[in-house]
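Any read-out appearing in this document is the output of simple, stated calculations on the displayed coordinates, not a laboratory observation. The structure presented is a predicted model; accordingly, all values stated were derived computationally and were not measured. All Cβ positions, glycine included, derive from the backbone under ideal geometry; neighbour counts span all protein chains shown.
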Amino acid sequence: MAGPGFEIEPWEIFCDFEEQIRPHDGLCAFPDCRAPFRAVKAWQRYCCAECRRADQAEARRVGHMIARPVLIMRETKHAKPRTGGALLNSSARRYVDQVASRWREARTVRAREAEARTLMAPKLSTAAAGERP
Ligand SMILES: [Zn+2]
């Protein structure tokens, strides 16, 4: 992914067991969709490939926003108190927390809106067998 020594499995593999035991709510995981669908595979979280791609693109944008602050957090983790490194660490943590909170809030609002739209005009199930989250 990012060069020698940086070989970590993707989150989907790292959390595979946890994702499989988490009950599926029967709704597409992409917050702008939230269409009800029947998962063909235990790991399926999206109603279709389009929703999976859209959610992954959103995750990439958010990941890009927090990548540098996450690195700074690690680089300055042991900075001495009241130094520039400690201040930078604090700023990086606040930024990452802010991005995570706002992202979750925005997704929750979008999901509520999509679920309301679905109640008004149900989308036809487009469950795609073999669609990987
Ligand atoms: Zn969907």
Problem set entry | Value of relative contact order over the chain, rounded to a whole percent, pairs C-alpha under 8 Å and six or more apart | 36
Seminar exercise, completed: Across the alpha-carbon set of the chain, Rg over Rh with Rh taken as the Kirkwood radius works out to 1.07
Exercise. What is the gain in length, in nm to one decimal, between residue 24 and residue 106 on full extension, counting 0.36 nm per residue of separation less the C-alpha to C-alpha distance?
Worked result: 27.4 nm
Exercise. Which value, in debye to the nearest 20, gives the size of the charge dipole of the chain about its Cα centre, when Lys and Arg are +1 and Asp and Glu are -1 at the Cβ?
Worked result: 520
Seminar exercise, completed: Each label sits 7 Å from Cα toward the beta-carbon; between residue 71 and residue 121 the label points are separated, in nm, by 4.5
Problem set entry | Cβ-based charge dipole, segment 1-59, positive-most Cα from 15, 49, 59 | 49
Exercise. Taking only DSSP H segments of four or more residues, each worth -39500 (n - 2.57), what value at 222 nm results for the chain once the sum is divided by all its residues, to the nearest 500 deg cm²/dmol?
Worked result: -19000 deg cm²/dmol
Problem set entry | Nearest 10 degrees, 0 to 90: helix 84-120 Cα axis against the chain principal axis | 10
Exercise. Taking the Cα atoms only, what angle lies between the long axis of helix 49-75 and the longest principal axis of the chain, rounded to 10 degrees?
Worked result: 10
